[in-house]
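Quick notes on the structure that follows.
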Amino acid sequence: MDRHALKIPCNVMPFICEADYSVTLGEMVHADRTVPFHVAIYLLQGSMEIIEDGDRHLILPNQLFFLKSGVHHWGEKPFEPGSAWYYAHFYCEEPGEGMEELSQESYYHKKVCLAKEESRKYISLPKLADDVGMNRIGRNFEKMIEAYMHGNIPQASVQMWQIFLECVQSVQEDLAGGSCIRQIQEYIQTHYIEDFTAGEIEKTCGLSYKYAGTLFKEATGQTIREYQRMLRLARACKLLKETDRTITEIAQMTGFSEVFYFSKVFRKERGCSPSEYRRTYVPGI
């Protein structure tokens, strides 16, 4: 656990004091300051480096970073030109004396749903969270800023709580599913020409095919079969550009059962037939 990680009591609501969008218009480094509120930064594009109490942090797109109130932070390296981000300043009480951390099994995605005894505990936020779950954190940040701009501070604060839960959820998914997703990707990259079975995927990652597929879709935006098809088509494009193999041969070499289906899928994904693609990129073949 980071020494300046935020701990949020489950029985209090954060109070948003500012939330907005910002972008670099020239050379810019983060201000050298110590503030009485917490800071949340969600980077949209570019990169930025922030130093907190001597700890150096690099923030990349689709990452959410928290700065703790009362801790000195500053910047030395200029932000990448064109960097853009959402930010929020908020107050939140520290956990009470003797308050314990809420167990991971009690976190509920998309809503706050805690038993009475659980409300007297706290959650620990990651210092830096990746928004891997179909941009859930980013969308909630947009809703929070919109509510703040309309003067609806209670609604903005509710959205901040939702962001807290999304952060915890993203860490859990990364721990539980990150290695699974990498294992599936590596397996498909090796076997994408083959018609592998659900059982082979389950054996690869140790999870049910349905659950593995859900994790894979949330992390990559594609189903397992869509990822396989993307690899097949990428290989087909390479063969069309770099060889004089026939369309039928290329269909067979990239795992398609027959040439008509290959041409149909290719046209749907690339907007032209394999022959048209070849003529466009390799004149004269």
Only one of the values (1) 27; (2) 33; (3) 17 was calculated from this structure for percent of Cα pairs over 37 Å apart; name its label. (2)
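Of the listed pairs Lys217/Lys264; Lys143/Lys268; Lys238/Lys268; Lys143/Lys210, which have alpha-carbon separations greater than 27 Å here? Working shown, then result.
Values: Lys217/Lys264 24 Å; Lys143/Lys268 35 Å; Lys238/Lys268 18 Å; Lys143/Lys210 31 Å.
In this structure, Lys143/Lys268; Lys143/Lys210 exceed 27 Å between Cα atoms.
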Starting from the Cα of Glu94, step 7 Å along the direction of its Cβ; do the same at Glu18; then give the gap between the two resulting points in nm. 2.4
Give me the number: length gained by fully extending Val259 to Val71, i.e. 0.36 nm times residue separation minus the C-alpha to C-alpha distance, one decimal in nm. 61.3 nm
Starting from the 7 Å offset along Cα-to-Cβ, what nm value, one decimal, do you get for the label separation of Gln222 and Ser119? 4.6
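Length gain on complete extension for the stretch Lys241 to Arg279, per 0.36 nm per residue less the alpha carbon to alpha carbon distance?
On the way: separation 38, 0.36 × 38 = 13.68 nm, distance 0.88 nm.
Here the segment from Lys241 to Arg279 would lengthen by 12.8 nm.
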Efficiency by 1/(1 + (r/R0)^6): what FRET value for Met230 and Asp195, r their Cβ-Cβ distance, R0 = 22 Å, to the nearest 0.05? 0.85
Calculated P(r) of segment 182-285 - Cα pairs past 23 Å, %: 33
Difference of contour (0.36 nm per residue) and Cα-Cα distance, Ala84 to Asn62: 6.8 nm
Could you tell me how many degrees, from 0 to 90 and to the nearest 10, lie between the Cα long axis of helix 209-220 and the main elongation axis, the longest principal axis, of the Cα atoms of the chain? 70
One finds, for Glu202 and Thr248 with R0 = 41 angstrom and r their Cβ-Cβ distance, a FRET efficiency to the nearest 0.05 of 0.75
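Antiparallel as a % of all DSSP beta bridges within the chain, to the nearest 5? List each step's numbers first, then the result.
Numbers: 33 of 34 bridges.
Rounded to the nearest five, the antiparallel share is 95 percent.
What accessible area per residue comes out for segment 194-285, rounded to a whole number of Å², with a 1.4 Å probe? Spell out each step's value before the answer.
On the way: 5430 Å² over 92 residues.
Counting only protein heavy atoms, the per-residue value for segment 194-285 is 59 Å².
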Tell me the carbon and sulfur percent of the accessible area for the chain, rounded to whole percent, probe radius 1.4 Å. 50
Just to check I understand the Karplus step: with θ = phi - 60° and J = 6.51 cos²θ - 1.76 cosθ + 1.60, what whole-Hz values come out for segment 10-20, glycine and proline as x? 7, 9, 10, 10, x, 10, 7, 9, 6, 8, 6
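The values are calculated or read from the model by the stated rules, or taken from the named source; none is laboratory data. Just so we're clear, the structure is a prediction, and the values are computed from it rather than from any experiment. Please note: Cβ atoms are built from the backbone with ideal geometry, for glycine as well, and neighbour counts cover all protein chains shown. Please note that ligands, DNA and RNA were not included when accessible areas were found on the heavy atoms of the full protein model with its side chains. Shrake-Rupley method; radii C 1.70, N 1.55, O 1.52, S 1.80 Å.
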